[in-house]
Structure formats: C-alpha cells, structure tokens
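Structure first, commentary second.
The values are calculated or read from the model by the stated rules, or taken from the named source; none is laboratory data. Everything numeric in this text was worked out from a predicted model, so none of it was measured. We place every Cβ from the backbone using ideal geometry, glycine too, and count neighbours over all the protein chains shown.
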Amino acid sequence: MIEAFEILFQWQNLALLFLGTALGLIVGSIPGLTATMLIALTLPITFHMEPVAAITLLIGEYVGGVSGGLVMAILLRMPGTPASIVTTFDGYPMARKGKAERALALGITASVVGGVISWFFLAGMSPSLAKFALKFGPWEYFALVMMALVMLAALAQGSLIKGLIAGMLGMACSLPGIDTSIGQERLTFGADFLLSGFGLLPVLIGCFAFRQILVDAASLDRPKNVKVPDRHLPLYRSDIKKHGANMVRSSLIGTWIGLLPGIGGNIAAMVSYVTTKQISKEPEKFGTGHEPGVVAGESANNASIGGALIPLITMGIPGSVTETVLIGALTIHNLQPGPLLFQEAPEITYGIIAAYLIANFMMLALMWGLVRHIARISSLPNSVLLSVVPVFCVLGVFAANSNYNDVWVMIGFGLLGLGLEAVKAPLGPFVIGFVLSPIAEEQLRAALMMTDGDFGSILARPWAMFFVFLMVLTLAWPPLAAHFAKKRQVNREADKTHSDGEAA
Amino acid sequence: MSSNDTRREAYQNLAFCAFVYAVAFVLYFGAKDLPPPRFEPLGSAALPNAIAVILTVLASFILVPALLTLHRARKAEADSNEGDGLLGEYAVWRGLAIFAVLVTYVAALDFFRSGFVITTTIVVTVISGIFVGLRPKSLILHAIGGFCLAMILMLVFTKILYVDLT
C-alpha cells in the first residue's frame, strides 16, 4: 500500500488525478451529462498511458462525477444520478431559503467523510467483505430491493398510499420493451421506439429537471439571495457533534449496501435517508430543508462508491455501468480483474485503493474553493437559468443515444412529474420504482427458477427474511406510531384532568 | 383548510385515481396477449398483472375518501383573491409559454432538422424575452449569450464528444 501511495504521489499521476476529479465534478454538475459518459469517452485516451496513470484518471472522474451531482441537486433540484435524488429532498429547500452555501458545505463534507470511511473498508477488509457479498443470492437481492422501495415510499413526504402508488407507477413505466429473460416484446403496442423501453436518463431528467423548469417558470417565488460568507464557509465545530454520528452511520450503511453489485449505489442513499428520518427526534422536518437529510444522503452516496469497488477489485464483478467501463480499462491494459489481480498486479489494485482516497480529498479541495461561487448559481435570474438549463437537458438526453425520441420521452415524463406533484404523490418513489423494478423482477425470476417456483423457499433465507421483516415494519409503523401517539395524548390529558381535579 | 381547498383536493384525487386505473387497464390489456411462462415459473405477464392489481387496490383507498369528501362538502363562499388570482394566472401562462417554446425547439431540431446554433439562439432569446419583456438591449444581450453558448456546445459535442447535432 505504501508503494502504491509513493507511485501515486509522482507529479504526473497526481496531476491526472486532479484533472480527472475536476472533469468529473464539472460533468457531474451538468444535468444530462454523467460520470459514466465521461469515463467512457476518456477510455480511448488512456490506451497509451501507463495502467496506473489510466486508472488514476478514471477513478478521479468517478469520484468527481458522483460528487458533482450534489451541486445541481441542491441548487436547482436536478439530480444527475438516481443516488442524488434524496439530496434534493432537503438540499433544494435549503437553497430556496437562502442557505445554499450551507447545504453545499454540508454535502461536500458528508461526501468526503463517506468516501474516507468506505476507504478503510476497501483498504482493510476487501476480501472478507467480498465473501459476505457472495452469500447474497436472488432472494436476498429481491427482498432488499423491495424493502428499499417500500421504505422510500412509506417515509417520503405525503401519504403512504400515494407513495406506494408512485412506486408502482414507476415500476409500470419500466415494463415496456423487451423482456430480457426470454426476449419477448412486452407492452410495446407495436411502437418501435418502445422496443428499448424508456431510458433512465430521459425519465430522471424529465421528472426532476424538466419538471422543475416548468414549475419555476410558472412560479412567482424568487429564490432568496445567497449570502456568501466573507472568509469562512458555514461549517462549525458544533457540526461534528450535530452531524458526526449521522455521517458515520450513513457511511457504514452506504459502504455495506454499495458492496452489493448492481443495486448498491442506487439505494444506499435512500436507505440511509429513511433510516435517519426514522430514528430522528424531528422526522416531520425531513423534506423541508433539514440538514441531517442532506448529510445522510451524501455520506451514503459517496461511501457506496468505495463499497462498490470492493467486488470490482476482489472478484471482477462490476456494480454498475460505470464499473463495467472501469473493467474495460483494466482489460485494455491486459489486466484481468478478479481475485488474482492482487497477486499479479498489486500496484494496480493498491493504486485503485490509494487513488480513491486521494480523489476524495482533491474533490474536497476543489469544491471548497469553488462552493462560494457555485452557490451563486441559485440566485441567477430566471431569464438566464430557465433559458440555459433546458438546452443542457435537451442536449444531454439527446447525446446519450443521438435519438430525439428520448427527448420527447423526457418531455412526457416532465408532464407526468408535474401531474404527480400536483396530486402530492412523491417523485422519489416513482423514479426509484422505475430503476429497481427490472432488478426486482430479474432476481425474483432467478430465485423461482432455482427453487422450481417455490415461493416458500424465501423462509429459509435469514437475510431475505430480515429485509422482509423491515419492509413489513416500515408499512405497519406509521399507523402504529399514530395509534401510540394518540394513546399517549389521551393518557396525558387524563393525567392533567386528574391533577387539576386534585388541585381543586 | 377551506371548503374550496378540500373540494379541489378531492377532485385532484379523483383525477389521480382515474389516471391510475387507466394505467392499470393498459397494463392488463397489454399483458393479456403475452405467452404463458415456458422456461421459468413467472413469465412476462406476471409483473404487469401484479402491478395492475396492486394499483387498482391502492387507488381504491384514495377514491373512496375522495368521493366521501365531495359528498359531505358544503358550498362555501369563495375567498376573494382576485388580485392574487390574476398574478397566479399570469405565472401559469408564462409556464405554458415556456413549455410551448421548448416543445417547438425540440420539434424544430427533430422534424425540421433546423440548425442547432440558430435554433438554440432563438430559443434562449425567446425564453429570456418572456421573463424580461421586449427590452431591445436585454434581448440583444441574451441573444449574444445564447449564440456563444450554442457555439461552445456545438464545438464540444461535435468535436470532442462526437455527437452529431446537425
């Protein structure tokens, strides 16, 4: 590990890491552009680089790209990735109240803490954690995905029923296309453009960015002017006590869930957010600009990157499209990702681990220097913001597949998002249902194929049953909590009447 | 909450239920022609049917209270908010106008293959004009800004990202 740091601290590699992180931050900040796109485009450039240099650049882009998503999520309610959705719940209301720099500062700090904590697991416990991840089979994945969806639906702002309906509608929207298990066309109704289904990027940008553009255009509210502090960013020593436990807990959740290939990054932030809300003494404040909400989401979000790198470097299993591209980078340098990579090319594996840590600190330094100026974006006049941002949205969605059908889909989902918000159905569960539905269906089918269609076999899987228990508890908790609160209120009133009577 | 607000919310919930039932119907209709499962126990139709059933059941939990609310609601005097109403209507029209501009922008690029730079410049100018009004100096500044933005984006996307915008 020490040799890896020595190699990384050569000026060329440090410069590449800095460049990658900066590019990732810029790209991640722009609605419609993603870290995956940037990494895929940079890949050919790395052909002629040394493997360590290439991986260093790409890891910097990965960390920067994920972290950059918080900027637009907070300032304009436009998340760059599904994992940034929860940051919009509290980050955007904070920005509307004129606390954009505070939200950004907290988000950045939480991101770095999440990254550093997950680094310790990545550096120290990769092989044993990877073995734990291998114990998860299809039933565990299915139960975890359904638990995450139900938790988010139940604990998002608004009614439980509408949250569940929103989640189900999101799942329904993911169905059109080719059923990948058997190659059957499903719900396409003869339309060719539906053969590939609705893309994630058009849905995400449509539901959040495009919808927000229309809402802001029709709104009379003006965002409050950002108060840029003279010297210090709004972070105080008291924040350690106030948010420290939340950061650590959320980072642990993010690392452990990020460990699970395929789903970790998307739901880590969500599970962390709903957990923080559930154990909070002020759950009603979540969604209105409550600082712990921003901290929980961003800590888990970045921690999940470290978690996701564990199966990548120990077993060669990519957790997402981004990691698939990283595996491509290793392959083109004649490196086979997997358990033997530690023996055959330790400078690469430890290089990835070292680069991940330093990239987090570089991201902190870059964001720290720029956050005061970035925060001013939210107070630009609407004539500038609402004329420029739609162009980025259209371009970003178009650029993914060079297809204007995706742009029309974005517009359609923008209108759908407006309608859902008008009836107070939360958007978070809708998008997450869209993202998680294919995974849930695939895992359920795999589980049933393995067990010859026996649904009861889930009972023999302790982790799966644990997630099912949490799901049932989440559904039952709101009415139970209301019942206990009412009983406490009645008892208090009875005690008060009794004590008043005695006094008289 | 005023009586008008309660009734408006009830109507919104009814519209939402109608939409949910329509989606459930589409799912059921689309799934009924799918073949039965052959290689695995679930099949392609299982999830659409399951979601359709769950949506129908969940929507009923909103439909019934909404109908009861409307049944019980009494006519109340409307709040006299004519001033606010006018301002609110203007803002809604502004939102609709921007939506129309954006749809026209995408249609121009998709169906008429209009030049990206000129179309983007016009759109940025028009949208900013909706906000700032017909002030020539402001419009010219926004047009110049839009042109510069369009040129930069054209350069980045065509030369660096190899995305054809023409």
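Residues in the range A:377-392 that are at the interface with chain B (Cβ under 9 Å from one of its Cβ atoms) and touching a residue at least 40 places away in the same chain (Cβ under 8 Å): how many?
Result for the range A:377-392: 4.
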message = From the list B:Leu34, B:Leu42, exactly one residue is at pLDDT below 90, in contact with a Ser or Thr (Cβ under 8 Å, 6 or more places away or on another chain) and not in a helix (DSSP H, G or I). Which is it?
response = B:Leu34
ask   = Which residues, counting only those in the range A:199-220, are more than 12 Å from chain B (Cβ to nearest Cβ) and among the acidic types (Asp, Glu)?
value = none
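Of the residues in the range A:413-446, how many are part of a helix (DSSP H, G or I) and within 10 Å of another protein chain (Cβ to nearest Cβ)?
Adding up the residues that qualify gives 15.
Inspect all residues belonging to the range A:454-471 and state whether any of them is part of a loop (DSSP other than H, G, I, E, B) and in contact with a Leu (Cβ under 8 Å, 6 or more places away or on another chain).
Within the range A:454-471, the subset part of a loop (DSSP other than H, G, I, E, B) is A:454, A:461.
Among the residues that remain, those that are also in contact with a Leu (Cβ under 8 Å, 6 or more places away or on another chain) are: A:454.
Scanning the range A:454-471, I find at least one residue that is part of a loop (DSSP other than H, G, I, E, B) and in contact with a Leu (Cβ under 8 Å, 6 or more places away or on another chain), so the answer is yes.
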inquiry  = When you scan the range A:366-375, do you find a residue that is in contact with a Phe, Trp or Tyr (Cβ under 9 Å, 6 or more places away or on another chain) and either at pLDDT 85 or above or within 14 Å of chain B (Cβ to nearest Cβ) (or both), even just one?
reply    = yes
key: Conditions (1) within 11 Å of another protein chain (Cβ to nearest Cβ); (2) surrounded by fewer than 17 Cβ atoms within 10 Å (Cβ to Cβ): number failed by A:Phe193   = (1)
message = Restricting to the range B:17-33, name every residue that is more than 8 Å from chain A (Cβ to nearest Cβ) and more than 25 Å from B:Pro65 (Cα to Cα).
response = B:Tyr28, B:Phe29, B:Lys32, B:Asp33
request  = Please indicate, with yes or no, whether at least one residue in the range A:374-383 is more than 21 Å from the chain's Cα centre (by Cα) and under 26 Å from B:Ala108 (Cα atoms).
outcome  = yes
message = Quick check on the range B:119-136: of everything there that is assigned to a helix (DSSP H, G or I) and more than 15 Å from A:Pro381 (Cβ to Cβ), which residue is farthest from the other protein chains (Cβ to nearest Cβ)?
response = B:Pro136
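Examine the range A:56-71 for a residue that is closer than 21 Å to A:Leu386 by Cβ and surrounded by 24 or more Cβ atoms within 10 Å (Cβ to Cβ), and state whether such a residue exists.
Taking every residue of the range A:56-71 in turn, at least one turns out to be closer than 21 Å to A:Leu386 by Cβ and surrounded by 24 or more Cβ atoms within 10 Å (Cβ to Cβ).
Using the structure shown, decide if A:Val295 is in a helix (DSSP H, G or I), aliphatic (A, V, I, L, M) and at pLDDT 85 or above.
Details: in a helix (DSSP H, G or I): yes; aliphatic (A, V, I, L, M): yes; at pLDDT 85 or above: yes.
Criteria met by A:Val295.
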key: Number of the condition not met by A:Ile432 [criteria: (1) free of Cβ contacts under 8 Å to residues at least 24 places away in the same chain; (2) surrounded by 17 or more Cβ atoms within 10 Å (Cβ to Cβ); (3) closer than 30 Å to A:Val27 by Cα]   = (1)
ask   = Counting residues that are modelled with pLDDT of 85 or more and farther than 30 Å from A:Thr331 by Cα, which helices (runs of 4 or more DSSP H) fully inside the range A:18-116 reach at least 1?
value = A:51-75, A:85-96
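With the condition kept exactly as written, say whether any residue in the range B:140-153 is outside any helix (DSSP H, G or I) and either within 11 Å of chain A (Cβ to nearest Cβ) or crowded, with 17+ Cβ neighbours inside 10 Å (or both). Quick ask: steps written out before the conclusion?
The first filter runs over the range B:140-153 and keeps only residues outside any helix (DSSP H, G or I), leaving none.
Taking every residue of the range B:140-153 in turn, none turns out to be outside any helix (DSSP H, G or I) and either within 11 Å of chain A (Cβ to nearest Cβ) or crowded, with 17+ Cβ neighbours inside 10 Å (or both).
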query = Quick one: what pairs do we get from the range A:179-199, first residue under 11 Å from B:Gly30 (Cβ atoms), second among the hydroxyl-bearing types (Ser, Thr, Tyr), C-beta under 8 Å, 6+ apart or different chains?
reply = A:Arg186/B:Ser44; A:Leu194/A:Thr188
task = Report whether or not B:Leu149 is free of Cβ contacts under 8 Å to residues at least 40 places away in the same chain, closer than 18 Å to A:Ile213 by Cβ, in contact with a Pro (Cβ under 6 Å, 6 or more places away or on another chain) and not polar (S, T, N, Q).
result = no
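Restricting to the range A:427-470, what's the tally of residues that are in contact with a helix residue (DSSP H, G or I) (Cβ under 6 Å, 6 or more places away or on another chain) and closer than 14 Å to A:Met147 by Cβ? Walk me through how you get there before you give the answer.
The initial filter retains those residues of the range A:427-470 that are in contact with a helix residue (DSSP H, G or I) (Cβ under 6 Å, 6 or more places away or on another chain), namely A:427-437, A:439-441, A:443-444, A:446-447, A:451, A:458, A:461, A:463-464, A:467-468, A:470.
Filter once more, so that each one left must be closer than 14 Å to A:Met147 by Cβ: A:429, A:432-433, A:436, A:439-440, A:443-444, A:458, A:461, A:463-464, A:467-468, A:470.
Matching residues across the range A:427-470 total 15.
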request  = Give the residue that is nearest to the chain's Cα centre (by Cα), with candidates limited to residues of the range B:34-57 that are more than 7 Å from chain A (Cβ to nearest Cβ) and among the aliphatic types (A, V, I, L, M).
outcome  = B:Ala52
request  = Could you please find all residues in the range A:437-471 being more than 23 Å from the chain's Cα centre (by Cα) and charged (D, E, K, R)?
outcome  = A:Arg445, A:Asp452, A:Asp454, A:Arg461
key: B:Val126 being free of Cβ contacts under 8 Å to residues at least 40 places away in the same chain and over 26 Å from the mean Cα position of the chain (by Cα)   = no
key: Pair list, Cβ < 9 Å and 6+ apart or interchain, from the range A:447-461 residues that are without any contact (Cβ under 8 Å) to a residue 24 or more places away in the chain to residues that are loosely packed, with under 12 Cβ neighbours inside 10 Å and of a type outside the set (D, E, K, R)   = A:Met449/B:Phe39
ask   = Mind checking which pairs have a first residue in the range B:94-116 that is more than 8 Å from every other protein chain (Cβ to nearest Cβ) and without any contact (Cβ under 8 Å) to a residue 24 or more places away in the chain and a second that is part of a helix (DSSP H, G or I) and among the hydrophobic types (A, V, I, L, M, F, W, C), Cβ under 6 Å, 6 or more apart or different chains?
value = B:Ser114/B:Ala108
